[in-house]
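Colleague: One structure coming up, written as structure tokens, with questions to follow.
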Amino acid sequence: TVPPLRSAAARPAMRLVVQTLSAPPTWSLLGLNVTSDPFLVLPGRLDSLAILLDPATAPVSACPKCPVGYHIAGQGMPARVGLFDRFGNLIFACDTGLSCSGYPTAQVTATLLQFGVATTPPTTAAIAAARGVAEFTVGGGGSGAGGQLSVVVAGAGFSWRFASGGRTVDSSSFNVLNSAPAQLRIIQSPPRSMNAAPIPAPVVVEMLDAYGNLVSTTCYPCGGAAATNHSCQLPVPSIAVATSCPIAATVSLAAPAAATTWLSGVQQAAAGAGHASIEGLVVNRAATVGGGQQNWCPSGTGVDSIVTLELRLLAGGGVGGAAVADLGLSARVNVTLQPVARSMVLINSPSVQTALSGEAFPTPPVVAALDCTGSSADLAIANVSATLQVDAGAGHLLGAIRAPFVSGRATFTDLGVDVWGYGYILGFTYEGAVYVPELFSQPFQVYKGVQRLSLRTRPSNVTIAGASLRPAPVLDLADEDGLPTLSHAPVQATLYVLPLDATSPAAAEAAVLIGRATMVPAPVADTDRGLRGSTLESAAGGTVTMSQIMITLANGYPPGFPAAAGPASGGLLFALQFTALGKFTAVAGPITVYPAPWTTLQLRQPPVNKARAGVAIGGPPSVAVVDAYGNDVLPAALPSPNIVIYVALLGGGRSQGSRSAVLLRIGCTQACEAASDSPLPVTCSQELMLTGPASTCALSSIAGAAQPAVFSDLSVDLPGSFRLNFYTQGTSGFEINVTSEVVVVEGGAAAYAEVSQPISPQNVPSQPLYSQPGLRLNDRFGNPVRLNASERLRAQVQGLELLPPIFQCGNSPDCGILCFP
């Protein structure tokens, strides 16, 4: 009797073979056997789904050029899914009386995912399996029709999830590309354009496939050519190839088109990334066939000014080849034509102004272009050039003599005449695609211009940094005869540092003119010192008042300032040079500038960014008392002979305190170590560290100017990253401070060692200690010290003492040798 047998393999026509064996332990075959009749083993119940043909990687006959994992939108995707039991048997059949009934023909549903999430709206397809296999075929219709899988939205990260009987399986990931162009849409077109001139903005078209995807790739069969007669260009550099399926957009006049209208310029553009941009198109219209564009003028209704453009797509037959197929896609857009410019008018004529020689006209002349209806030709694309038609004083034009039309107007911003005279006439010439008669101004007079600049009111020779100069400098602009002018010329003020011997107005002016003075660069950053305020003012009626200028530099030199005569701090003399029309000058000076009241601490010398515990921080850091502009204050401006600057340590949320990253002075350290029996690590009392000369530095005055407080012996007793905060009490009673950048403090020099891992008390001679010693080196403040690569520790036995024997070594040859703890 054979115990119950089971088969893990489901097969038709199986047989059972029974063989006889000898008794144990040999278990050899005796050659006797019997074979059963054929029988059928049916699969078990549904346990899993498996993809037999992955739709992501299956080849697609409609796109042989597509790389693996890429499909065309709307294209059918073949797939095959099998139903399996827990032993891996395909559920090809089931007895109706068993629990797996119905599974060979179970329905399998496919759901589209993108990046692992079902798409919205959902895309699904379903089909019934046959003999345990669900076959999704490539047929007609959209997704879901006849069990066909297809995706109509271009994108990346798609996959199919197949489900049946509560079991699921996902396909590999794939991308979907656009199909062939099926729609053409104009996304940009100028509504108006000037006749016979390039359109003011390009016409841009967008190509879409039948599903609304941008046609940015060319993996579809193009132009009716064979499916293999093209290449697949993708926006992926690793697989992109030159396309043999070029697409071009072309523009023409929509039918019916009048014989008096035609196109010129650029009329075709290659498409790329789903767009084509036609730039440089020219629309032309004439009054009669063969007539010139300048003769056309729209009717009163303006209907004849509307031109309809038609854009079409053409497919090419190869790289650089001629277009061979019209894709049958078109779009239309209306453009309203503006007549060409017919005339010009002059606005702000020099004849109604007071023009001075050597200066721009007070009000810039403006030339406006008009069309045949008298309206502004605001789309005119042209330039206007100015000339002197009648030269009444042997003069020449100054400034830019050519100006472009912008919205139908050309403005000459700096036009002028260099020589005074009577009866000048300006001529203006239109420089464009059409002829416009030349324009002439009325005769005008140019008066004598500025030849002298003089100071009517000089500023005081003493001022405070940051205060507007008083009295305000007033300057007159006169002609060659010394008579007042009506000039509107701008006047520029510039600051100079004088040599110390330029102590009179004449000496100051001479030093500036002959180059002995040094110009102070114009401030760029907000913290730069120099001449600030309105340093450029335009004259009114030949007079200019510089009422809003101030000097913020009192002593020292701004960054980047070259070496100059005089000390580097204090004692500077200044002069102001005023310049009109780039060549006429006047000088005010010498001027002494005193610092403003002190309001700020300035870190004159920052600490070095790295230090060692217990060692003085490099730099050494120094702090100066300055005004709001960074000028060192004078002793007389200080509330007392000395100002005490305090310093504290900031970092890691900790402030100065006992044994917590405490700021030390070398004096403090020496006081702590004064007693020879002082144990390590060294600690200082909080009181000693926070008060007295050990943590403050007095500010002293030397040579007539306040000197910085120098902290020459600051040190920190704990490693870490810290900032130094320097502070004092300001004149308003509030604390003012300045904080350094981060200073990284590392451990100091090794001072003592401590045992971090004790030695085991019981050990065997000539054998490694059971517990090896662990040592930690510390500096004098107890901070761990890291050894350099060249440094080593040496161990030495001291105080060896033989102890009584604990036991004999037995019967070995070593018997009699004592064993020690």
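The values are calculated or read from the model by the stated rules, or taken from the named source; none is laboratory data. The structure displayed is predicted, hence computed values, not measured ones. Methodologically, a virtual Cβ is constructed for each residue, glycine included, from the backbone with ideal geometry; neighbour enumeration extends over all protein chains shown. Areas reflect the complete protein model, heavy atoms only, side chains present, ligands, DNA and RNA absent. Shrake-Rupley method; radii C 1.70, N 1.55, O 1.52, S 1.80 Å.
Colleague: Taking K and R as +1 and D and E as -1, what net charge do the other residues with C-beta under 11 Å from the C-beta of I306 add up to?
Modeller: Values: positive: R192, R285; negative: D304.
Charge balance in the 11 Å sphere: +1.
Colleague: May I ask you to order 353-360, 448-455, 115-122 by the average number of other C-beta atoms within 10 Å around their residues, highest value first? The partial results should precede the final answer.
Modeller: Numbers: 353-360: 21.2, 448-455: 18.6, 115-122: 10.0.
Answer by packing, highest mean first, reads 353-360, 448-455, 115-122.
Colleague: Say each of I464 and T411 gets a label point 7 Å from the Cα, pointing the same way as Cα to Cβ; how far apart are those two points in nm?
Modeller: Modelled inter-label distance: 4.2 nm.
Colleague: Here's a follow-up. Give the peptides 717-726, 4-13 in descending order of average Cβ contacts within 10 Å, highest first.
Modeller: 717-726, 4-13
Colleague: Using modelled amide H (1.01 Å from N, peptide plane; none on Pro or chain starts), what sits under 5 Å from the amide H of A751, excluding residues fewer than 5 places away?
Modeller: N778, D779, R780
Colleague: Please give me the summed charge of the neighbours of A386: other residues whose Cβ is under 12 Å from its Cβ, Lys and Arg +1, Asp and Glu -1. Walk me through the numbers before you get to the answer.
Modeller: Values: positive: R402; negative: D414, E431, E438.
After counting each charged neighbour, the total is -2.
Colleague: Ranked highest first by average number of other Cβ atoms within 10 Å, how do 287-294, 156-163 line up?
Modeller: Details: 287-294: 13.1, 156-163: 19.5.
Ranked by mean Cβ neighbours within 10 Å, highest first: 156-163, 287-294.
Colleague: Which percent of the accessible heavy-atom area of the range 351-480 goes to carbon and sulfur, probe 1.4 angstrom?
Modeller: Numbers: 3020 of 5820 Å².
With neighbouring chains kept in place, the figure for the range 351-480 is 52 percent.
Colleague: Which distance in nm do the two modelled labels at Q107 and W27 give, with both placed 7 Å along the Cα-to-Cβ direction?
Modeller: A separation of 5.2 nm, rounded to one decimal place.
Colleague: Enumerate the calculated ³J(HN,Hα) couplings along the range 180-197 in order (Karplus 6.51 cos²θ - 1.76 cosθ + 1.60, θ = phi - 60°), each rounded to whole Hz, writing x wherever the residue is Gly or Pro.
Modeller: Per-residue couplings from phi come out as 5, x, 9, 9, 10, 10, 8, 9, 8, 7, x, x, 9, 8, 7, 4, 6, 10 Hz.
Colleague: Along the charge dipole of the range 327-469, Cβ charges K/R +1 and D/E -1, which of A331, T463, L346 sits furthest on the positive end?
Modeller: T463
Colleague: For the pair S343 and T387, how long in nm is the line joining their label points, each one 7 Å along Cα→Cβ?
Modeller: With each label placed 7 Å out from Cα toward Cβ, I get 2.2 nm.
Colleague: Around L337, with a cut-off of 14 angstrom between Cβ atoms, what is the net charge of the other residues, counting Lys and Arg +1 and Asp and Glu -1? All intermediate terms of the calculation are to be shown ahead of the outcome.
Modeller: On the way: positive: R192, R285; negative: D304, D371, D378.
Result for the neighbourhood of L337: -1.
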